[in-house]
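Read through the structure below, which is laid out as structure tokens, and then see the notes.
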Amino acid sequence: MSRLGDRRWWAIGALALTGMVVGLDTTVLNIALPTLATELRASTSALQWMADAYNLVLAAFMLPAGLLGDRYGRKRMVLAALVVFSAASVLCAYAGSPGVLIIGRGALGLGGAFLIPLTISVVRVLFDEDERPRALAVAMAAQGVSFPLGPIVGGRLLHDFWWGSVFLINVPVCVAAFIGVAFLLPESREPDPRPVDLLGIVLSALALSGLTYGCIEAGEKGWGSPAAWSPIVAGVVIGLLFVRWEGRTAHPLIDLKVFRSRAFNWGVLMATVMSFTMFGALFAMPQYFQAVTGTDAQGSGIRLLPIVVGLLAGAGPADRLVKRFGSNVTVAFGLVLLAAGMVAGTATGVDSGYLLSGAWLTVAGLGMGLVFPAAMDSALAALSAERSGIGSSLIQALRQVGATIGVAVLGTILSAGYRGRLDTVSLPAPLGATVRKNVQAGVAVARDLRSAALLHSVRDAFVHGLVLMLAVSAGIAAVAAILALIFMPGRERRSSLSRPWEVTGSAPGSRRV
């Protein structure tokens, strides 16, 4: 491999660190929330905003981040985002009040909004069609691995240090990534920057924020709540206005012609389906391990490690499968594995051992590892190198919304199955309402009452809801596999579809260094 090639791969390794730290920060907060409620005397509303502030800012600024990267330099924006992320981590670590921590979490979301899409856009610029699937596998595997590691790292830090350590751990990783990016990553930008579409930026931020917040509220309060539907409807309406504006303005934020590419549309759809199902599983399984099998938060994170093993095992050969069989076959095969894993998961019972969970999580993770890089490579192939920042931001924004919707929809199915199976007839109305709230509350009430019958009913009801959720997820993955095989272009057709949207004079894989 050439010296430049060595530098490019080391640069991707440095960028993978940024993806890992962003992913860790997404899940590590869940472990710290009970401690924060005590140490900062935070209300339930404040705790919710500590989690939501990150996701809302992330959604709002992802598309502008891609535009700024294309216009002013992707390396420059990544370095600036790492500084913001580090400073925000310090602010969160030493926050003396819930309000300061919420502000810090929002700042973390701002840094993440730049780091997530620009990492993928750099892959599009630096690597040609043959190398890109492998580079994407490295970047996506690092981010995917970080999600189940969050509870493990967070639980260990909370056990040995004070709560601020779950945020402060970001700083050395960001410093290492900053040094690697500064010395190894060549600068790249759009050679002929277009005027900034300010109205498009505002409309896209409002639309994505509305959809994200509405789905978060739906997960908390149910889909029938006006607090959920109002922002969702507003987000959809503003999104339609955004599309109408983008079709009329001379210098749009997003070139809507990219949606004429089947490679882009189906690649994005498959990546979104993957996020939908993955985050649904990551939402439900820690609850199963803690409430049903009796492990703690750190132990539940350790029990999710089979997903990490599967992800790494699937991401390794993904590029070779894409080259040999095409993106459509690789994605479809990965989705079949995901569906098979979740079908196996429907055999879960209250007394099931960990062997079953570990086995189906490994198979599901293997499918995820195959789907992510292949689907992302298909979508990226339809983007020009010069506009890869905004294109990658669009892909990641849709994935982010898909993940949020997945948690809300699959969480609703889980909750409905849980509440429908519960037997609370013998309980006083207030206690019955508490038990129906969620499985953690049900287990707590059963233990306070020292009622083995109620504890079994709560656990059995949750497993019933989990089985329903896994069955729905498996069905979605199976249908997606069929659609990918039929409609998603293969390797030989994908490259020809991408060329109309490449800037004149720009060859595939070209880069401005």
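The table for this structure:
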item	result
Accessible surface of the chain, 1.4 Å probe, proportion on carbon and sulfur as whole %	66
Residues A176 and A87, FRET efficiency given R0 of 22 Å [Cβ-Cβ distance, rounded to 0.05]	0.85
Estimated dipole of region 36-88 in Debye, rounded to 20 [Cβ of Lys and Arg +1, of Asp and Glu -1, Cα centre]	300
Per-residue HN-Hα couplings for region 61-70 [Karplus 6.51, -1.76, 1.60; θ = phi - 60°; Hz; x = Gly/Pro]	9, 5, 5, x, 4, x, 4, 5, x, 5
Integer Hz, Karplus 6.51/-1.76/1.60 couplings in order for region 71-84, x for Gly and Pro	7, 10, x, 6, 4, 4, 5, 5, 4, 4, 5, 5, 5, 4
Two-site label geometry, I103 and D192: point separation in nm, points 7 Å out along Cα→Cβ	4.4
Separation in nanometres of the label points that stand 7 Å from Cα toward Cβ, at H159 and K257	5.7
Overall form of region 205-283 per C-alpha gyration tensor (a/c, 1.5; a/b vs b/c)	oblate
Distance (nanometres) between label positions extended 7 Å along Cα→Cβ at V202 and D296	5.1
Extension gain (nm, one decimal) between A359 and R244, 0.36 nm per residue minus Cα-Cα	36.7 nm
Ellipticity estimate at 222 nm from DSSP helix runs (n ≥ 4, -39,500 (n - 2.57)) divided over the chain, nearest 500	-27500 deg cm²/dmol
Sequence-distant lysines (8 or more away, or on other chains) whose Cα lies within less than 30 Å of K437	K221
Stretch gain in nm, segment V425-D448, where the contour uses 0.36 nm per residue and the Cα spacing is subtracted	6.5 nm
Per residue value of the accessible surface for the chain (all protein chains in place, 1.4 Å probe), Å²	39
At R0 = 45 Å, FRET efficiency that the Cβ-Cβ distance of S225 and I486 yields, to 0.05	0.75
Relative packing of peptides 203-212, 77-86 - highest average C-beta neighbours within 10 Å first	203-212, 77-86
Label-reachable residues, region 40-79, where backbone N falls under 16 Å from a point 7 Å from R7's Cα toward its Cβ	74-76
Sorted peptide list for 449-456, 413-420, criterion being average Cβ within 10 angstrom, highest first	413-420, 449-456
Shape category assigned to the chain from the gyration tensor of Cα positions, a/c cut at 1.5	prolate
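The values are calculated or read from the model by the stated rules, or taken from the named source; none is laboratory data. Since the structure is predicted, the reported quantities are computational estimates derived from the model, not experimental observations. Neighbour counts run over all protein chains shown; Cβ positions are idealised from the backbone, glycine included. Calculation scope for accessible area: heavy atoms of the full protein, side chains included, ligands and nucleic acids excluded. Shrake-Rupley method; radii C 1.70, N 1.55, O 1.52, S 1.80 Å.
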